[in-house]
Amino acid sequence: MSLEQPQRDEIERFLNPGYLDLDELLDALEKEVALSENLFRKPTLELRACAPEKRKLAIAISGGGAAGAYSAGLLEVLQDRLKQRGINVGILVGTSSGAVNGYGVFVQSVGMDNPQFDSDPAIKQPYESYIASVWSFLARDSRASRWVVGRRSWIVRLASQGLRSRWHKAGIMISLVVLAAALQLSLFLALGLLAGSAGARPSTWVDFGSLGEALPYVFALALAGTLVLGTAVWFVARAFRSGIFQDLPLLNLLANTGPNGDMRADPRIPRGQTVDRARVLSRDLVSAWYAQCDEAPEFVVASTDITSGRGCLFTLVRPETYDRLLRREWMAVQFDSDSGEARDYRSNADALFTLPQNLLQALAASSAVPGAFPTQRIGIYGRDTRRSAHHHFVDGGVLNSSPIHIAIDAGATHVISLEILPFSESGPIQDDKRGDEGYGLVEAALSAFSTVLKRATEEDIRHTASWNRFLTQRPGSMRPGKGTVKRHRRVVPIYRVAPRDHLVGTIEFDGRFDDGEVPTTLRDLVRRGILDMQGRNIWTATTHYEPGWHEPG
């Protein structure tokens, strides 16, 4: 047996142990697969302890709307255990609801969370992590959607719960008939005239001597009905011109997560007041991060810039991390500082910035599912000027549903991926639990969007695992480049945490109610995440990206 064989076997067991529990994961985070050379200067790999100052642990949090409550449950356990082991989180990367979850960890890490969760008995929750407490608080009355989409929560209930009985369906049909009759009274007049011309007694319908005398009235009523119908259509088009749902309730919720917020505040407050409060909190958070950036985790929010047609990263990262992202051709927009701390970033000619007051709006942009929520208009500028060019941004999941590759490009040495879609273990043929009911219009559109995100996530992890396999098979590729060539190649261990079964749809904030079944609430999802994180549910995806993977060919 070769002298290197035991070492290779040890590395193979480290890279492909299958499912782990949390203690095994924490043990693995203290190790790394590094390049070394044997006696004959042949490049090889060795498993060794990873020095804490060299370890950069990334938590990559995928999006998924209401299912983000599950990731909050995972974070509840993960944060506590990392703290017990003295393992620091180096970078938080999130997209869509994953960005909001990452924000909850970020706010707590810089000491800017709302003290109501510790002091107010009406708000305090039985959780240690801030983000799990927020999700649980939203679900306190099983009407979380009104805190996310506001007065349009009825659309959420209609899309996620449907018409649950024949009486609901009959009521909708009767209402539509009555509405049509009210808008087109001329229809009944015309029917009366037709009946009169056919020999019926006109007095029972309309009291006109001839059809000619009635024509002006018919025309007037038809014109009035058309105007009323057109006005109603105009109001509906105006109300939904930028999206099915509103963005103000979510922004208001985020604005109340800071130390001066009131989580009990009515979400229906004036837009100007909400925007002002969100900007003040954003500036305070950015200032707090710069003041402690050496200890606080870096924070990356993935979004999609539809003005330039590119994926965009809103960042609060250190200068060396920011330079790495630019070298990998990311559109990285750093939150600027009012006190001059961001001057080190301006050495790069490609650097982009946005005002610190835009942090919470960037979170709203990362969660803006196209068509469902309005786009977010945010100004960005270069290093030599503060004259902003305003771009429009939507959900980060459009181009970057999985933040794993973003975390690796930012210099992560280990990645924990928190996901809300189950692994594809069951194959393409499986029953749909909906039976004959099918999908509603809005639900079908959002489910299709979730399917696109799932596919993109699978492709991202597959490519990352493939690259890790290449490095383990050709260790020489990890050697530093010569001259001006700079390489940052390493085997990056990836650990995926995902549910075993489908959770809820993107907009099912109030839970899904099926006949004869107990509704699933956000609090149920938080608890399920906690239980999954405590079990043997962490898949090592470093080289085998999911269970059931087999060597190609």
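The table that follows gives values for the structure above.
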| read-out | value |
| --- | --- |
| One residue from SER97, SER133, SER71, SER145 being surrounded by 20 or more Cβ atoms within 10 Å (Cβ to Cβ) and free of Cβ contacts under 8 Å to residues at least 24 places away in the same chain | SER133 |
| Candidate set from the range 109-119 (those that are touching a residue at least 24 places away in the same chain (Cβ under 8 Å) and surrounded by fewer than 18 Cβ atoms within 10 Å (Cβ to Cβ)); member that is farthest from TRP289 (Cα to Cα) | PRO115 |
| The range 395-411, residues that are open to solvent by 10 Å² or more (accessible area, probe 1.4 Å) and in a strand (DSSP E or B) | none |
| Count of the range 265-296 residues which are closer than 19 Å to ALA342 by Cα and open to solvent by less than 10 Å² (accessible area, probe 1.4 Å) | 5 |
| Answer residue from the range 352-368, given it is part of a loop (DSSP other than H, G, I, E, B) and more than 12 Å from PHE314 (Cα to Cα) and is most open to solvent (accessible area, probe 1.4 Å) among those | SER367 |
| Contacts under 7 angstrom Cβ, first residue in the range 305-326 being within 17 Å of THR95 (Cβ to Cβ), partner surrounded by fewer than 17 Cβ atoms within 10 Å (Cβ to Cβ) and of a type outside the set (A, V, I, L, M, F, W, C), 6 or more apart | ILE306/HIS392 |
| Residue that is nearest to ASP141 (Cα to Cα), among those in the range 245-264 that are open to solvent by 30 Å² or more (accessible area, probe 1.4 Å) and more than 21 Å from the chain's Cα centre (by Cα) | ARG264 |
| Whichever residue in the range 334-351 is hydrophobic (A, V, I, L, M, F, W, C), open to solvent by less than 50 Å² (accessible area, probe 1.4 Å) and outside any helix (DSSP H, G or I) and, among such residues, is farthest from VAL275 (Cα to Cα) | ALA351 |
| Subset of the range 462-520 that is loosely packed, with under 11 Cβ neighbours inside 10 Å and among the polar types (S, T, N, Q) - its residue that is modelled with the highest pLDDT | GLN473 |
| Residue in the range 271-291 that is modelled with pLDDT under 90 and part of a loop (DSSP other than H, G, I, E, B) present | no |
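The values are calculated or read from the model by the stated rules, or taken from the named source; none is laboratory data. None of these values were measured; they are calculated from a predicted model. Ideal geometry is used to build each Cβ from the backbone, glycine not excepted, and the neighbour counts take in all protein chains shown. Each accessible area value is taken on the protein alone, full model and side chains, heavy atoms only, with ligands, DNA and RNA left out. Shrake-Rupley method; radii C 1.70, N 1.55, O 1.52, S 1.80 Å.
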